[in-house]
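Novice: Questions regarding the structure given below will be posed in turn.
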Amino acid sequence: MAHLHRTPLPVSEAVERVMQYKRTGGVEKVDLQESGGRILAEDIAATHAVPPFHKSPYDGFALASEDTMELSRNNPGTFRVIETVGAGHRASRPLQSGEAVRIMTGAEIPEGADCVAMFEVCTTEEDAAGRQIMTLKRKMDAGQNIIIKGSETEQGDVLVPKGSKINPGVQALLATFGYSTVTVYNKPTVGVFATGTELLEVDEPLVPGKIRNSNAYMIQAQLERSGAACTYLGKLDDDFDSCYEAVYNALGKFDLLITTGGVSVGDYDLMPEIYEKLEAEVLFNKVAMRPGSVTTVGEYGGKLLYGLSGNPSACYVGCELFVHPILQHFMGNTRPYHTRVKAVLGEDFKKANPFTRFVRGKVDYEEGKIVVYPAGMDKSAVVTSLAHTDVFIVLRGGTRGYSQGDMVEAVLLEDQKGQTQF
């Protein structure tokens, strides 16, 4: 039987084997307001200069600098204010010598003006005819207090490259440049089965010998956090024929398929036998890591079939290490792996590590340092610690434990940036 032969594979090699089957999905157009969190399938270029015209950064008066060449505290000049221009409006005519326009922040500089005197340095009054007069006691330079057309970006500049995640700032750019729809990569579709006759659905009362199915809901949330469209396909009982039929039928409907449970070495672990009957290529069925050493991945017709552990923490770790990067690549993300950083261990972790251990942890920032703490009990069957997990603390194999203050590697699970290498 396929499940009797298990050679533990280093984590990095297991990831490499999975990523040999990476592919990029198709694309679709979505409305701007629905694009948050999606991955761009096109470069976003400036469709016009920003700003699209010379504009004022202040409330003040627009005038010609040439008219101020001789001005000083002892030699003030007066200008006739011909009109007031607010943001979104334009002056009615070009300025002539000796004239000024009262201008508001963000408004277009009138033709004939090449500087703005801030409101605070000007005095205003009405002349005998009731016309507004502005007095200025300083010389102004050409271009002073003017935001030049195209000074932020020129038309045609690529502002956000294809493969970037659309965050609120990217949405602001899309709106600025008139992208009412945007081309994004399709969300990968993932089907999820839970296996085991011991499982109850979440709304069923507890009965002796049974537990509620937490993995399906946990993994659905993980997949959605990774950007996938997840469908929970229900619970598979420990019956080979019905399991095989359900898995076989689902393979053609999704980009990848995940089962949780049924991969350990017990008598009722059916997934290895299902892989065998499918004639799927088993990429690996044991990984040199804790938790999740029994994580199994097979390939059938170019599609990946994941057998994740039934233990909640082991299932969680397997999903983040082996499923997340495949999903990111499918969506065109050029940085498909979780970000890894160096961090300080915040408390002792004295458990020996025969294999690399991914400790569920929480990250904190203390006096300029990244500090990580175990999130709770560190056993693969424990679910309560996962509620506080936003980082994996990576403790290499072959150690007798770690002490508070040791430098460790941390995998950030909720970081948006990602990285190009595992």
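The values are calculated or read from the model by the stated rules, or taken from the named source; none is laboratory data. The model shown is predicted, which means the values in this text are computed figures rather than measured ones. With ideal geometry, Cβ positions are generated from the backbone for all residues, glycine too; neighbour counts draw on all protein chains shown. Keep in mind that these areas ignore ligands, DNA and RNA; they rest on the heavy atoms of the full protein, side chains included. Shrake-Rupley method; radii C 1.70, N 1.55, O 1.52, S 1.80 Å.
Novice: Using a 1.4 Å probe over the heavy atoms of the protein chains, calculate the carbon and sulfur portion of the accessible area of the chain as a whole percent. Please report the intermediate quantities before stating the final value.
Specialist: Working: 9890 of 20360 Å².
So the carbon and sulfur contribution to the accessible surface is 49 percent.
Novice: Moving on to the next point. Measure of size requested: the Rg and Dmax of the range 55-136, with Cα atoms as the atom set and Å as the unit; please supply both.
Specialist: Values for the range 55-136 (Cα only, Rg and Dmax): 11.8, 37 Å.
Novice: Whole angstrom only: what separates the Cα centroid of the range 106-174 from the Cα centroid of the range 214-256?
Specialist: 56
Novice: Continuing with this model, one more query. Nothing charged except the Cβ atoms of Lys and Arg (+1) and of Asp and Glu (-1): what's the magnitude of the dipole of the chain about its Cα centre? Round to the nearest 20 debye.
Specialist: 820
Novice: In what sequence, highest mean first, do 67-74, 158-165, 254-261 appear when ranked by Cβ atoms within 10 angstrom?
Specialist: 254-261, 158-165, 67-74
Novice: Can I ask one more? GNM on the chain, C-alpha springs below 10 Å: top fluctuator among ALA113, ALA41, ALA216?
Specialist: ALA113
Novice: Sticking with this one: Using the Cα centre of the range 17-72 as origin and beta-carbon charges of +1 (Lys, Arg) and -1 (Asp, Glu), tell me which of ALA49, LEU63, GLN33 is placed farthest towards the positive end of the dipole.
Specialist: GLN33
Novice: Now, a different point. Need one number: % antiparallel among DSSP beta bridges in the range 55-136, to the nearest 5.
Specialist: On the way: 18 of 23 bridges.
Counting only bridges with both partners in the range 55-136, antiparallel ones make up about 80 percent.
Novice: Would you mind calculating the gained length between ILE370 and VAL30 on full extension (0.36 nm times residue separation, minus the Cα-Cα distance), in nm to one decimal? Mind dumping the intermediate values first?
Specialist: On the way: separation 340, 0.36 × 340 = 122.40 nm, distance 3.76 nm.
Stretched fully, the ILE370-VAL30 segment lengthens by 118.6 nm.
Novice: Among the listed pairs LYS235/LYS303; LYS165/LYS277; LYS55/LYS139; LYS187/LYS351, give every one whose C-alpha distance is greater than 29 Å.
Specialist: LYS165/LYS277; LYS187/LYS351
Novice: Of MET407, THR334, ALA387, which is farthest along the charge dipole of the chain in the positive direction, counting Lys and Arg as +1 and Asp and Glu as -1 at C-beta?
Specialist: It is MET407.
Novice: Among DSSP beta bridges whose residues both lie in the chain, state the antiparallel percentage, nearest 5.
Specialist: Percentage antiparallel, nearest 5: 70.
Novice: Ok, one more. What do you get for Rg/Rh of the chain when both radii come from the Cα atoms and Rh is the Kirkwood radius?
Specialist: Rounded to two decimals, Rg over Rh is 1.22.
Novice: So, one more: Give the lysines reachable from LYS350 as a straight Cα distance under 26 Å; neighbours fewer than 8 places away on the same chain don't count.
Specialist: Output for LYS350: LYS286, LYS342, LYS362, LYS369, LYS379.
Novice: From zero up to wherever the largest Cα-Cα distance of the range 340-412 sits, split into 10 Å bins and tell me the percent of pairs in each.
Specialist: For the range 340-412, the pair-distance distribution reads 22, 57, 20, 1.
Novice: What fraction of the DSSP beta bridges in the range 117-258 is antiparallel, stated in percent and rounded to the nearest 5?
Specialist: Numbers: 5 of 16 bridges.
Antiparallel bridges make up about 30 percent of those DSSP assigns within the range 117-258.
Novice: Can you list residues whose amide H is under 5 Å from LEU283's amide H, if they're 5+ apart or on another chain and H is modeled 1.01 Å from N?
Specialist: Sorted by chain and number, the residues that satisfy this are VAL297, GLY298, GLU299.
Novice: With springs connecting C-alpha atoms under 10 Å apart, model the chain as a Gaussian network and identify which of ALA100, ALA128, ALA343 has the largest mean-square fluctuation.
Specialist: ALA128
Novice: Now a separate question. Using packing as a proxy for protection, rank 353-364, 388-399 so that the peptide with the highest average count of other Cβ atoms within 10 Å comes first. Please report the intermediate quantities before stating the final value.
Specialist: Details: 353-364: 20.6, 388-399: 18.3.
In descending order of packing, they fall as 353-364, 388-399.
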